[in-house]
Ligand SMILES: Nc1nc2c(c(=O)[nH]1)N[C@H]1C(S)=C(S)[C@@H](COP(=O)(O)OP(=O)(O)OC[C@H]3O[C@@H](n4cnc5c(=O)[nH]c(N)nc54)[C@H](O)[C@@H]3O)O[C@H]1N2
Ligand SMILES: Nc1nc2c(c(=O)[nH]1)N[C@H]1C(S)=C(S)[C@@H](COP(=O)(O)OP(=O)(O)OC[C@H]3O[C@@H](n4cnc5c(=O)[nH]c(N)nc54)[C@H](O)[C@@H]3O)O[C@H]1N2
Ligand SMILES: [Mo]
């Protein structure tokens with residue numbers, strides 16, 4: 001269809017979607033004339049529409065950005081300085097294949113660390129480095145990573161408590177609730193399923209009470225809520241446990257539900273009421289820890305326990321902190337104590353996968369890693385030692401490179417191969433990343449832009465965008481819909497997909513059968529291998545043509561409905577068959593940092609840490625309103641104009657530091673420093689500062705980051721259950737001194 005129209009100069013409309021790792025997955029209608037995108041529109045089809053935001057509307061500027069990488073390049077200057085020279089694809093692929101063979105010969109393939117994050121999320125292209133891992137696993141193996149940046153704390157808690165990540169309801173189910181708590185959930189900014197904000201606005205109109213618990217008075221608090229309860233970062237488990245105290249003390253909990261569907265509530269009650277350690281977890285106890293007023297904690301507990309059905313929507317963010325697993329386990333326990341599991345309008349809280357339009361599904365097939373055959377990483381295990389024997393947690397990558405086997409890591413790493421990720425920017429402790437990358441023998445990156453990570457590549461390979469290839473994508477966590485991404489234009493310049501690049505390497509490495517299909521053939525095969533898609537979508541060709549299939553539901557899909565309606569025949573997939581408030585598997589670990597029941601454990605770098613004398617402010621790093629992480633949107637003129645990149649600081653903290661709104665400030669700790677504009681506001685609680693993640697690390701000659709990359713400040717230590725701890729970080733802020741200020745003006 002597209003080919004014919006291209007010939008006769010008509011404008012055609014190509015249905016596709018935005019499939020980066022944003023919490024949305026939104027329909028785009030791309031107008032193409034003579035092989036060029038002329039404009040982008042959002043969904044105008046049947047309701048409920050999946051309308052794109054500013055990023056989708058500006059996508060044309062991302063595709064045609066002057067900053068797009070055009071050709072394969074090799075590094076000619078110092079690593080990190082970004083000096084490259086154009087080379088041919090043959091030279092690039094020959095060099096990469098030659099180095100891989102050399103490393104295999106000299107050190108073994110475990111010296112090659114391959115990984116990716118979520119730069120793009122098609123089932124065929126890119127998602128989590130799948131084309132790259134397929135190549136290396138077919139070639140003989142490589143070292144790789146474990147642990148997700150987004151929600152490892154939540155993953156751990158879901159597995160321990162429910163034995164499943166499938167805790168999803170559809171976004172419109174908020175309309176069935178009588179009471180909603182947005183716990184660190186800010187979908188008006190940090191998209192959390194495409195239409196959540198749309199339905200929350202309706203819930204508000206219907207008179208449903210919505211309360212926000214967050215250190216910041218969020219956009220969602222302003223738009224939807226009638227109450228904002230500020231809370232100190234990292235202390236959420238304490239507040240949730242105090243809410244449990246109020247429910248038990250006032251007999252508001254649902255004992256029938258607990259008896260029928262859960263185990264271990266009695267042990268949790270002993271801890272909550274103080275029988276275990278002599279400390280009753282009262283609202284006043286929690287107020288001292290969290291900063292949230294005791295009366296607000298008690299009232300919230302009462303409202304949540306008595307207005308059924310109710311949703312405690314607990315986002316991933318507090319789980320991205322030290323002991324973040326405890327926050328998620330405590331939130332899940334409260335949803336059970338109030339009997340809000342398995343019913344419309346309720347919410348078990350967790351990963352929110354499924355039940356209709358599940359995020360996970362088959363993609364490009366990946367065989368087993370030959371290097372893991374002797375010691376396979378046990379994916380679902382709560383014992384993280386079993387997950388890490390051959391893998392490196394994403395928070396440990398830099399340490400693993402710097403310290404190797406002698407430091408207890410699985411390999412001495414000599415080469416890094418990265419696709420669809422920007423870890424120098426997006427993983428914890430950027431300055432340590434720089435130190436580690438400078439130690440390596442060889443670095444390969446596939447990218448669309450010259451990101452802070454790409455600057456360190458020895459060979460840098462240009463990748464096409466999702467407008468330049470076809471793919472299938474699933475909704476973020478759950479649907480109800482699936483999208484087909486139709487290729488709108490040919491690959492620009494000399495760019496190729498990750499799969500095409502790996503195909504070129506496969507022949508050079510002598511790997512046969514790596515890619516014997518066209519993309520179209522793969523996509524049909526992926527569709528046919530996906531039981532849910534086959535069940536929900538009557539006709540694959542129609543799906544392609546429409547670019548989206550919306551599933552019409554006759555009933556509200558509800559997580560764990562079967563387990564609640566008919567428990568005798570549908571046990572929870574845990575060892576006990578019940579919701580495990582007490583987990584024997586955790587008890588068996590005998591690790592006080594991973595207790596069998598949810599507990600509040602004081603985080604490192606909390607405000608009580610001696611380090612807080614030097615660095616008294618807690619930094620939270622939220623997801624960017626106008627970008628998807630670091631992925632090129634920051635280069636788009638329309639988007640750059642919308643909002644300056646700032647550090648939020650409370651008026652009292654600013655006054656004490658003589659910082660005025662708009663001042664350039666230095667935010668720093670022992671790990672790094674950045675210069676950034678201050679936003680002085682009452683919308684953040686005293687003692688807490690906030691910077692959006694994803695801005696590009698841009699060090700000046702003195703190593704001061706002028707880009708405002710949050711990870712120059714964060715500590716690369718994962719939580720005991722594996723969680724990424726980007727919200728556990730002490731800093732200080734001061735008005736930038738004049739010489740730093742001058743330099744910055746000079747550069748601007
Ligand atoms: N616009 C946009 N949307 C996105 C993304 C994006 O890049 N851009 N990324 C997507 C991805 S990959 C993910 S994983 C999700 C993440 O979704 P979330 O984890 O929900 O997102 P965040 O924006 O990091 O944080 C949400 C809120 O948590 C608060 N917060 C931080 N620390 C704490 C704490 O310790 N306690 C409490 N109570 N609140 C805290 C912050 O102030 C913020 O308002 O977002 C998705 N949505
Ligand atoms: N301090 C702090 N750090 C964080 C977070 C936080 O809240 N605070 N959030 C974390 C979370 S939840 C996440 S999910 C991660 C995200 O971390 P990343 O996945 O590393 O970040 P992105 O910026 O989404 O994508 C990385 C790169 O992928 C490239 N890309 C896009 N499409 C393709 C493609 O088809 N092929 C290839 N090869 N590249 C492509 C983009 O240009 C972009 O530069 O960040 C984490 N980092
Ligand atoms: Mo994420």
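Each reported figure results from applying straightforward, stated rules to the coordinates on display, with no laboratory input. Quantities reported herein were computed from a predicted structural model and do not represent experimental measurements. Virtual Cβ from ideal backbone geometry, glycine too; neighbours counted across all protein chains shown.
For the peptides 435-443, 702-710, 345-353, what is the packing order when you average, over each peptide's residues, the other Cβ atoms within 10 Å and list the highest mean first?
Peptide ranking by packing, descending: 345-353, 702-710, 435-443.
Arrange the peptides 294-304, 64-74 so that the one whose residues have, on average, the most other Cβ atoms within 10 Å appears first.
294-304, 64-74
Rounded to the nearest 5, what % of DSSP beta bridges with both residues in the chain are antiparallel?
Roughly 45 percent of the beta bridges in the chain run antiparallel, per DSSP.
Cβ neighbours within 10 Å, averaged per peptide: list 682-689, 335-342 in order, most packed at the top.
Answer by packing, highest mean first, reads 335-342, 682-689.
For the chain, take N as its residue count and report Rg(C-alpha) divided by 2.2 N^0.38 Å.
Normalised Rg, Cα atoms only: 0.93.
Compute the acute angle (0 to 90°) between the alpha-carbon long axis of helix 89-107 and the principal axis of greatest extent of the alpha-carbon atoms of the chain; round to the nearest 10°.
So the inclination is approximately 60 degrees.
Mind pulling the angle between the C-alpha long axis of helix 738-747 and the longest principal axis of the chain? Nearest 10 degrees, somewhere in 0 to 90.
40
Restricting to DSSP H runs of at least four residues, report the calculated mean residue ellipticity at 222 nm for the chain, -39500 (n - 2.57) per run over all residues, nearest 500 deg cm²/dmol.
Taken over the chain, the calculation gives -8500 deg cm²/dmol.
Taking the Cα atoms only, what angle lies between the long axis of helix 130-139 and the longest principal axis of the chain, rounded to 10 degrees?
Relative to the chain, helix 130-139 is tipped by roughly 70 degrees.
What does the convex hull of the alpha-carbon atoms of the range 189-249 project to on average, in nm²?
The directionally averaged projection comes out at 5.1 nm².
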